[in-house]
Amino acid sequence: MFSQMIAEWPEFATYYNLVFLAEAAGTTLALSALGVILGSLLGLALAVTRTTRGRLLAPLRGIAFAFTEIFRRVPFLVTLMLAFFVFQMFFANTPLFVVAAVTTTVIAAAFLAEIIRGGLLSVHRNQWEAAETMNFSRLQAIRLVILPQAWRIILPPAFGFFVLFIKDTALASQIGVVELTYAGKVLNNKGFSPGLAFGAILVIYFMISYPLARLGAALEARLASSRHHRP
């Protein structure tokens, strides 16, 4: 098998194959980035909504709770397929990349909402009460008092989720999005051995995920140190 991979390498490492892999990697990065950025913003809104009080906001809290619980428990592939069929029924000309991007954003938002909410609630109740005595609104209290303290708790698990999330975007290949896993299938179907085709995909995923994982580990170590050495 290894000798076959070596023999196939010159034909595999052609300009067009490398460009194809680079474009597929770009799609994977774009899906991951959109999911993380938009999912973080939506997740923050959901987390803040769930920390509100008062009867008037109870319906919004219920919606935020239902959204978070449902999409955290439904498998990614099931959500992706449901989104695909919904778009096919009502917006048939929607590009597959948009369908995948919407799905990744929804999934990321559900998971990040719980991570952010946990970070917000980790801040001592005295801080919330102090903000209230200063006549801060709920949003002002979170933005100016709570979030600057909570992000130390939020970042480490968020980065862990980001690394896993990059790999989950591989499921977008199931609806025809040409990302890295789909590219591996195409190269394998062109006659290249599975070891070479998917081995190349493995290396690219590692090149994408490892720096992010190291950055997350470095931030976690730094934040843990700062938490333990507060004056």
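The values are calculated or read from the model by the stated rules, or taken from the named source; none is laboratory data. On a predicted model such as this, the values are computed, not experimentally measured, just so you know. Methodologically, a virtual Cβ is constructed for each residue, glycine included, from the backbone with ideal geometry; neighbour enumeration extends over all protein chains shown.
Kindly indicate whether Leu82 is surrounded by 13 or more Cβ atoms within 10 Å (Cβ to Cβ), aliphatic (A, V, I, L, M) and touching a Ser or Thr at 6+ places or on another chain (Cβ under 9 Å).
Values: surrounded by 13 or more Cβ atoms within 10 Å (Cβ to Cβ): no; aliphatic (A, V, I, L, M): yes; touching a Ser or Thr at 6+ places or on another chain (Cβ under 9 Å): yes.
It is false that Leu82 is surrounded by 13 or more Cβ atoms within 10 Å (Cβ to Cβ), aliphatic (A, V, I, L, M) and touching a Ser or Thr at 6+ places or on another chain (Cβ under 9 Å).
Would the range 170-177 turn up any residue that is touching a helix residue (DSSP H, G or I) at 6+ places or on another chain (Cβ under 8 Å), more than 24 Å from Pro95 (Cα to Cα) and either among the β-branched types (Val, Ile, Thr) or at pLDDT 90 or above (or both)?
So the first thing to find is which residues in the range 170-177 are touching a helix residue (DSSP H, G or I) at 6+ places or on another chain (Cβ under 8 Å), and the list is 170-177.
If we keep only those that are more than 24 Å from Pro95 (Cα to Cα) as well, we get none.
No; the residues of the range 170-177 include none that is touching a helix residue (DSSP H, G or I) at 6+ places or on another chain (Cβ under 8 Å), more than 24 Å from Pro95 (Cα to Cα) and either among the β-branched types (Val, Ile, Thr) or at pLDDT 90 or above (or both).
Looking only at the range 32-62, filter to residues that are part of a helix (DSSP H, G or I) and of a type in the set (S, T, N, Q); which one of those is surrounded by the most Cβ atoms within 10 Å (Cβ to Cβ)?
Among residues in the range 32-62 that are part of a helix (DSSP H, G or I) and of a type in the set (S, T, N, Q), the one surrounded by the most Cβ atoms within 10 Å (Cβ to Cβ) is Ser32.
Which one of Phe71, Phe65 is crowded, with 18+ Cβ neighbours inside 10 Å, assigned to a helix (DSSP H, G or I), modelled with pLDDT of 90 or more and aromatic (Phe, Trp, Tyr)?
Details: Phe65 fails: crowded, with 18+ Cβ neighbours inside 10 Å.
When all the criteria are applied, what remains is Phe71.
Find all pairs meeting these conditions: Cβ atoms under 6 angstrom apart; at least six residues apart or on different chains; first residue within the range 183-204 and closer than 11 Å to Phe20 by Cβ; second residue among the β-branched types (Val, Ile, Thr).
Between residues of the range 183-204 that are closer than 11 Å to Phe20 by Cβ and residues that are among the β-branched types (Val, Ile, Thr), the close pairs are Gly184/Ile201.
Restricting to the range 106-137, name every residue that is under 27 Å from the mean Cα position of the chain (by Cα), over 30 Å from Ala83 (Cα atoms) and either modelled with pLDDT under 85 or of a type in the set (A, V, I, L, M, F, W, C) (or both).
Leu120, Leu121, Val123, listed by residue number.
Restricting attention to the range 188-199, which residues are assigned to a helix (DSSP H, G or I) and surrounded by fewer than 22 Cβ atoms within 10 Å (Cβ to Cβ)?
Within the range 188-199, Asn188, Asn189, Pro194, Gly195, Phe198, Gly199 meet the criteria.
Can you confirm whether the range 136-146 contains a residue that is exposed (fewer than 13 other Cβ atoms within 10 Å of the Cβ), without any contact (Cβ under 8 Å) to a residue 12 or more places away in the chain, of a type in the set (Ser, Thr, Tyr) and not in a helix (DSSP H, G or I)?
Yes, that holds for at least one residue.
Consider the range 118-158. How many of its residues are of a type in the set (Gly, Ala, Ser) and closer than 22 Å to Thr68 by Cβ?
Taking the range 118-158 as the starting set, the residues that turn out to be of a type in the set (Gly, Ala, Ser) are 118-119, 122, 130-131, 137, 141, 150, 158.
With closer than 22 Å to Thr68 by Cβ added as a condition, the list becomes 118-119, 122, 141, 150, 158.
Count: 6.
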